[in-house]
Amino acid sequence: MSSPRRKKYARLLRWYPQRWRAEHGRFMLDTLDEYASDQGIMRPSLAEAWSIRSHGMGERASYRWAVVFAALSLVAFFGAAVILLSNTLLVPEVGVVRTLLAVLVGPLTLAVAAIVILHRRGTLSAPAALCAAMGTVPTFTFTALAAMSVALGFDEADAGTARTWFASAGLLLILLTWCTGALTLLVPLLSVLKNKLPRTLRWVVASLMAAFLSLILAGLVMTSGQIFGSLPAAALLLLAIIKAQRSQQGVQPGKLPGAGLSQPPYPVKVPSYSAGTKSGCNKTGFIKISAVALFSLVLGMTCAAFALTGSNWGAGVGDANRAMNLGLAAGALATLPVVVLSAVMLLPRFGAVMWFSAGLACVALLVVAVAQLLGAEHSLQWPLILAAAVMVGFALAVPLGRWISGSLTLRVAALGGLGLACSLLGIYLVTAAAFVAPWGAAVLLFYSLRRLAHRKPRVGPHLVSQH
């Protein structure tokens, strides 16, 4: 007959998944009950119960959890961005929904996904991971309340009405956000720094880092999460999918930066190059790339200058708005060589899919050029820019598909989420193509010149001495 103490341990072990209990449950229960009997313990202590619960949740929190939470975060951030870019923002209730999606749901699920991945990698212990996950709930709740309070304060100031108590509580809510965020970050930081610093110094360093990171992260969530939050969510989703697939296959992660893979999970046909260089180009190729990059750099800087000051170049240009449109249209066309050269440089790493991405990006730039030529007054300019942004987003996401295996539905869904997330970044890229092109051309020029300067001379047979 089981003792009450053994029944309590058995109830605590239910926090572990069924598969783990079927394999280790009996041995674990006997070990706990025997140790408690030897020590004269009548019931599990609070610390012991917390440890069992946290480790049980740690066993349940698989990479699939990270995939689900990262996907929810991506949906929340993308929904907030859609509301921000559409006319529905004029409805007051929609503004509250956007804030909840961008400041509460999106960051909360993103943080939980990151905590799960860090725990599965062994960076965070199970108790530290559970404490951090529990702390994210009040932290981002206060963050959302603070954002709504500040927004309400601005609305009341613009309307000239008296400030309500909620609008006046903005500073207090920001302070609560900072404090709860610092406490949430303190536990995982202490876990990471364990055995690396003396106890007192570890607490001091962890406290200072938690206070600083809490302030920075809260500011980023409240200001930039509505647009750029989908990018870390998409990156974390891709990482979680890869980790989940590798864990199912029982393969240890490799050394591929940013992905945790030494090679794609399925065969990828990559063209071979006889030149023997990482970029697949010989000396003549690098000279051509340098020349085209230099031309694109000069042309891009000219287009950017014309967009800013073109109205002063001649009477036939028109006003400043027309000069801006013409400069942006020309800058979009000047970006075409940069896109093609980038595809050539990345071809050995990603394979022939780079030609598809480059073609899609070139079509997007042509669409942007047409949109800018139509002018700001034309009703089709903004829809064309959005279409070009979506094409650029998928041009950035498609090469990443080589790291995603599984069913066709999973791959299409993952690439669709990545493409939509990158589309938000694409809005800034296509609208500022005239200003982005010189930077891209400068990077290509610097890289090609650097490769030319560091190329090793070939050792021919005439250099080998005969003895």
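Quick notes
- Simple rule: put +1 on each Lys or Arg Cβ and -1 on each Asp or Glu Cβ in the range 142-234, find the dipole, and look at 167, 210, 147; the Cα lying farthest toward the positive end is 210.
- Only Lys, Arg (+1) and Asp, Glu (-1) charged, at Cβ; the chain dipole about Cα centre in debye: 2180 debye
- Helix 63-85 and the longest principal axis of the Cα set of the chain meet at an angle near 50°.
- Among (i) 32, 27, 24; (ii) 48, 35, 20; (iii) 68, 43, 17, the entry that matches semi-axes √(5λ) of the Cα gyration tensor in Å as calculated here: (ii)
- Shown are 303, 131, whose ranking by accessible area with a 1.4 Å probe and every protein chain present, most to least, is 131, 303.
- Annotation: residue 191 carries an accessible surface of approximately 30 Å², with a 1.4 Å probe and no ligand, DNA or RNA atoms counted.
- Protein heavy-atom surface of the chain, 1.4 angstrom probe: 69% of the accessible area is carbon and sulfur, with nucleic acids and ligands not counted.
- Computed over neighbours whose Cβ is under 14 Å from that of residue 33, the net charge equals +3, Lys and Arg +1, Asp and Glu -1.
- Neighbourhood net charge (12 Å Cβ-Cβ; Lys/Arg +1, Asp/Glu -1) for residue 65: +3
The values are calculated or read from the model by the stated rules, or taken from the named source; none is laboratory data. Here the structure is a predicted model, which is why all the values come from computation and not from measurement. Don't worry about glycine lacking a Cβ; one is built from the backbone with ideal geometry, like all the others, and counts go over all protein chains shown. Keep in mind that these areas ignore ligands, DNA and RNA; they rest on the heavy atoms of the full protein, side chains included. Shrake-Rupley method; radii C 1.70, N 1.55, O 1.52, S 1.80 Å.
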